[in-house]
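Notes follow once the structure below has been shown.
Values quoted throughout were computed directly from the atomic coordinates according to the rules given, and no laboratory measurement underlies them. From a predicted model like this one, the values you see are computed outputs, not experimental measurements. For neighbour counting, all protein chains shown are included, and Cβ atoms are generated from backbone atoms with ideal geometry for every residue, glycine included.
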């Protein structure tokens with residue numbers, strides 16, 4: 001079978017005169033095209049009616065390794081349980097959507113252009129080398145979409161904030177904030193959701209410019225508002241926060257890094273402007289509001305409906321970083337996660353212990 005080099009079909013000559021003529025022809029063609037354009041009454045005639053699409057290709061260089069040496073025993077987590085856990089997202093991918101690990105199909109839509117960053121010093125306990133975690137950074141000052149970025153989870157009756165509660169509800173968020181100052185006159189929003197219009201059931205958590213966490217849970221048209229008694233949140237620090245509400249007695253708790261914080265009355269009193277929109281928002285207020293965006297890294301967000309997480313369970317979660325089950329750090333069984341085994345030492349075969357019993361030729 002004969003072969004040929006496709007370059008030989010129309011190869012650019014190395015002759016200086018030919019190169020000069022080629023460049024001259026290009027300039028002449030450009031000049032003549034511009035003359036034709038200038039003669040048009042409406043220059044848009046030369047453009048197609050196709051839709052303009054902005055595309056971007058971003059390369060993220062994160063490398064993680066895991067060494068299984070057979071020394072640890074692994075245990076399955078409580079979540080997802082197809083019951084109490086209604087939303088669980090880990091902000092470890094960019095694009096258009098973050099999948100919901102609660103198996104309730106409450107996926108998060110991504111607004112703007114947040115970027116993946118190294119989550120250090122936070123460690124999930126599933127990597128022995130490389131990057132121990134990653135996070136999604138929202139509303140950075142260098143973004144073209146600064147103060148428009150955030151997440152949206154479409155309204156679903158299975159993840160309502162407070163409407164129809166019998167026992168109570170718990171929310172978890174792991175984040176690192178970089179600016180506590182108000183954005184366009186509003187406190188930085190961590191998350192917010194309303195359940196109905198007019199609003200009688202809702203939740204909103206924000207952090208004020210002094211670093212206080214503020215937690216409002218509205219149930220059957222009554223707002224229960226609590227805030228940390230003192231400044232709690234500092235910039236550039238990873239926090240693991242639980243917000244719980246027990247319907248019996250209308251009791252609220254705010255746990256920060258496994259500490260049950262002292263609370264005083266205070267919290268958000270208003271929600272996003274478009275009250276017809278019932279979606280859950282993270283790091284932004286909901287539809288119709290253009291302020292309160294949060295410049296921060298997001299690691300995790302979780303909602304447990306009809307479950308009031310106890311102080312002991314908060315402690316278990318803070319220890320193992322994954323679940324409210326009592327499992328040690330680094331021993332939580334993660335589905336669809338694997339690595340090749342790494343033996344601590346190679347063992348040679350010896351004759352000790354070997355007999356002819358059971359060995360037949």
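Quick notes on this structure:
- Using the Cβ-Cβ distance between residue 326 and residue 158 with R0 = 30 Å, the FRET efficiency computed as 1/(1 + (r/R0)^6) comes to roughly 0.65.
- The fewest-to-most ranking of 163, 303, 97 by surrounding Cβ atoms within 10 Å reads 97, 163, 303.
- Using every pair of distinct Cα positions in region 55-163, the Kirkwood expression returns a hydrodynamic radius of 16.3 angstrom.
- At 1.306 mPa s and 10 °C, Stokes diffusion of region 154-320 via Kirkwood alpha-carbon radius, µm² per second: 101
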